[in-house]
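Nothing in this text is a laboratory measurement; each read-out follows from the coordinates by a stated rule. What you are looking at is a predicted structure, and each value in this text was computed from that prediction instead of being measured. When we count neighbours, we look across all protein chains shown, and the Cβ atoms used for this are built from the backbone with ideal geometry, even at glycine.
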Number of protein chains: 2
Amino acid sequence: MAPKQKGNVDIVAVAKAAKVSPSTVSRTFNHPDLVSPATRKKITRAVQKLGYVRNRAAQMMHGKRSGTIGLVVPTINHAIFAEVIQAFSDAIDQAGFTLLLASHGYDLDREYAMVRKLMEHRVDGVALIGLEHSDATARLIAQQETPAMAIWNYAEDSELPCVGADNRQAGRMAAEHLLQLGHRDIGLIFPDTRGNDRARHRLTAAVKALETHGISVPENRMSEAPYSVSQAKQAALELLSGPSRPTALLCGNDVIAQGALYGAQKCGLRVPDELSIMGIGDFKGSADIEPGLTTVRIPAETIGTLAGERFTSYITSEAPEMFKLCCELEPILRGTTGRI
Amino acid sequence: MAPKQKGNVDIVAVAKAAKVSPSTVSRTFNHPDLVSPATRKKITRAVQKLGYVRNRAAQMMHGKRSGTIGLVVPTINHAIFAEVIQAFSDAIDQAGFTLLLASHGYDLDREYAMVRKLMEHRVDGVALIGLEHSDATARLIAQQETPAMAIWNYAEDSELPCVGADNRQAGRMAAEHLLQLGHRDIGLIFPDTRGNDRARHRLTAAVKALETHGISVPENRMSEAPYSVSQAKQAALELLSGPSRPTALLCGNDVIAQGALYGAQKCGLRVPDELSIMGIGDFKGSADIEPGLTTVRIPAETIGTLAGERFTSYITSEAPEMFKLCCELEPILRGTTGRI
DNA sequence: AGAATTTATGAAAACGTTTGCAATACTATT
DNA sequence: AATAGTATTGCAAACGTTTTCATAAATTCT
């Protein structure tokens with residue numbers, strides 16, 4: 001069946017096969033109510049027979065939306081972004097959009113290049129992770145008048161519409177949980193904060209919360225590690241091998257916390273009796289390690305879904321309304337923290 | 001700077017600003033050597049000033065490639081696919097292509113819908129995960145003459161070009177490793193194999209390898225669990241709680257193996273002394289758990305990169321050559337398996 | 001039965017590019 | 001200085017759709 005036409009099955013081939021004009025075929029797709037049921041059936045049959053697939057690029061040239069949304073992330077290969085991407089993708093798919101995905105590896109210049117690339121494809125909107133972007137990117141977005149939004153961070157004063165969590169609050173909550181348990185000597189393991197406002201906000205807020213309680217964090221209690229279990233393990237090992245060791249470790253995210261946990265186990269430290277470990281994020285799997293990781297839950301799936309839903313309706317709306325959604329954080333108390 | 005034009009900055013606006021014809025502007029982009037350096041500079045300046053961004057959809061209407069490649073995966077939110085997606089994305093980006101991503105949640109009908117959706121966007125190629133797809137999907141691909149490929153599985157007799165690993169071999173290697181250590185009573189935890197040829201091939205090959213050694217696996221030694229640590233933990237708990245328990249667990253992938261490990265720890269079983277656990281995949285993180293997970297390494301990143309490189313050159317080539325690449329598997333011996 | 005609507009269809013212009021062909025302006029050759 | 005090239009540019013058609021406007025057919029009303 002479905003005899004392979006000589007390549008170019010377009011709307012006029014369908015029209016010919018159905019013995020109607022191209023206009024009518026187009027109308028059958030876009031305004032079916034304007035076309036008589038009989039003709040519609042003829043056309044549908046011709047479409048089936050020829051295996052016609054609509055050409056959205058051609059539609060797009062008539063001011064129609066392209067039906068695509070661009071998403072630019074630092075990396076795909078990271079539990080938390082994968083979760084956001086999945087949820088976002090599902091949500092926009094629901095609204096008939098297709099996802100154009102690009103990653104930049106935490107490089108803001110590459111981010112600009114990616115946004116530009118997406119705009120060449122005339123995406124109907126661009127979603128970015130975080131609120132920190134280069135001026136060039138901001139200019140480009142403003143100039144092209146492409147709808148844009150930020151995912152993952154929330155900020156009251158954001159220029160862009162955003163759906164996310166308050167990373168400062170996350171940092172504060174993590175610090176306060178440890179303080180509440182009586183910890184006074186706390187080690188910090190965070191990633192490089194350049195071009196990563198999420199990490200930076202968490203770190204500064206955590207430090208500030210500690211200072212409020214009269215605790216300052218000396219240099220030798222701070223360690224830098226990328227989002228990698230093994231490198232975080234390494235970093236933790238260093239932090240724990242000194243002559244005096246902290247009673248608790250506050251980690252930039254759950255991946256780092258997981259590495260820290262393994263590091264502690266390697267040192268033979270009992271968690272949480274001898275060392276408390278606190279993560280941020282509540283990644284998939286954090287509940288399942290032994291002991292379960294205490295963390296601050298950032299609802300990635302909710303954020304992705306909400307972002308997708310709001311963005312699509314923002315794009316399709318006649319009179320788009322600015323939106324800024326702050327998703328609730330929640331301390332998840334599991335087995336890696338305890339009273340001093 | 002960059003004064004916002006009244007919305008539509010197209011090639012003719014640029015032409016007007018540079019006082020040349022649209023054709024010349026177009027040529028400046030596509031065949032710069034045909035344009036005098038002086039004019040080229042004028043045009044470049046006009047482009048800068050107006051903030052012109054090329055419209056690939058419009059180019060596409062002239063038989064030019066759209067510059068997009070579609071990738072359809074079961075799910076994004078899975079360590080192993082995230083890794084493949086990242087590598088694939090980077091590789092095609094390198095060649096100037098942009099990724100259109102869609103996921104179907106292990107539903108072959110939705111997979112068809114996604115492929116169709118991508119074709120409406122006139123992707124230059126479609127990459128699918130695995131070799132098992134619905135007839136409708138196969139027909140659609142053949143009919144549209146869109147280049148297509150399979151990622152993740154390798155099969156000698158595949159219709160599509162493919163880059164991947166031999167999942168049967170993976171299953172066999174896992175089984176043989178356990179056999180070699182003297183295990184005779186082996187429990188199997190695998191996901192539902194419908195619409196998932198990866199899992200099915202691993203399972204059947206593992207069972208066959210065991211049978212070759214005169215071992216048949218009774219019903220009560222098999223358990224089904226999705227790719228979820230917690231559910232796999234549950235499944236392992238059931239398998240291990242019976243009156244007699246197996247001496248080893250062969251798991252469909254590393255996520256399941258990780259769950260099984262936690263399950264064993266929960267039962268108070270010492271791994272690997274009292275129970276061996278074998279995974280398949282070597283996910284990021286599998287090396288870092290304690291004890292490190294013994295597994296069969298499937299080089300996800302290599303597969304993604306290779307797939308992206310080969311596919312782009314396949315697409316851009318004048319005379320495309322079929323390709324089928326089988327990536328090497330490697331048993332990774334860590335701490336979760338031992339002699340009986 | 002004829003006029004006035006309403007419904008269904010087609011013709012043609014438009015969208016933003018690319019490209020084959022024609023025209024023009026140079027340069028080199030004799 | 002006339003000729004033959006060659007380098008540069010512009011014109012207009014083409015790509016696959018959508019949409020406005022006009023026309024034809026069918027229906028309703030008086």
key: Helix A:254-266 vs. chain A, principal-axis angle (Cα, 0 to 90°, nearest 10)   = 40
task = May I ask for the angle, rounded to the nearest 10°, between helix B:135-144 and the longest principal axis of chain B, with both axes built from Cα atoms and the value confined to 0 to 90°?
result = 20
query = If we hang a label 7 Å off Cα along the beta carbon direction at A:F29, how far is it from the matching labels on the other copies, in nm, shortest first?
reply = 2.3
remark   = Rounded to the nearest 5, the percent of antiparallel DSSP beta bridges in the protein assembly as shown equals 10
request  = Can you spot the lysines whose alpha carbon is less than 29 Å from B:K49's alpha carbon? Ignore those fewer than 8 places along the same chain.
outcome  = A:K64, A:K117, B:K4, B:K6, B:K16, B:K19, B:K41, B:K64
task = Give the shape of the stretch A:167-298 as rounded, prolate or oblate, defined through the alpha-carbon gyration tensor: a ≥ b ≥ c are the square roots of its eigenvalues, a/c under 1.5 means rounded, and otherwise the shape is prolate if a/b is larger than b/c and oblate if not.
result = rounded
task = Quantify how strongly other chains surround peptide A:140-152 by giving the mean number of their Cβ atoms within 10 Å of each of its Cβ atoms.
result = 2
Peptide A:77-83, shielding by other chains (average Cβ, 10 Å cutoff) = 6
note = Quarter of the surface of the C-alpha convex hull for the stretch A:11-54, i.e. direction-averaged projected area in nm², equals 2.5
message = Using square roots of five times the C-alpha gyration tensor eigenvalues, list the equivalent-ellipsoid semi-axes of the protein assembly as shown in whole Å, biggest first.
response = 46, 35, 21
note = Kirkwood-based Rg/Rh on the Cα set of chain A evaluates to 1.14
query = Helix-derived [θ] at 222 nm for chain B: sum -39500 (n - 2.57) over DSSP H runs of at least 4, divide by residue count, nearest 500?
reply = -13500 deg cm²/dmol
query = Can you list, shortest first and in nm, the gaps between the label point of B:E145 and those of its counterparts in the other copies, using a point 7 Å from Cα in the C-beta direction?
reply = 4.0
task = Can you bin the stretch A:1-152 into rounded, prolate or oblate? Criterion: square roots of the alpha carbon gyration tensor eigenvalues sorted a ≥ b ≥ c, rounded for a/c under 1.5, prolate for a/b above b/c, oblate for the rest.
result = prolate
ask   = What nm distances, shortest first, do you get from the label point of B:S313 to those in the other copies when the point sits 7 angstrom along Cα to Cβ?
value = 4.9
inquiry  = Output the 0 to 90 degree angle, nearest 10, between the alpha-carbon long axis of helix A:37-50 and the longest principal axis computed from the alpha carbons of chain A.
reply    = 70
task = Please work out whether the stretch B:280-340 counts as rounded, prolate or oblate from its C-alpha gyration tensor, where a ≥ b ≥ c are the square roots of the eigenvalues and a/c under 1.5 means rounded, while otherwise a/b larger than b/c means prolate and anything else oblate?
result = prolate
remark   = the stretch B:222-252 and the stretch B:264-296 have their Cα centres apart by a whole-number Å value of 13
message = How much length would be gained if the chain were fully extended between A:N30 and A:R110, taking 0.36 nm per residue of separation minus their Cα-Cα distance, in nm to one decimal?
response = 25.0 nm
note = One finds, for A:S23 and A:E330 with R0 = 45 angstrom and r their Cβ-Cβ distance, a FRET efficiency to the nearest 0.05 of 0.20
Distance (nanometres) between label positions extended 7 Å along Cα→Cβ at A:A319 and B:T44 = 4.7
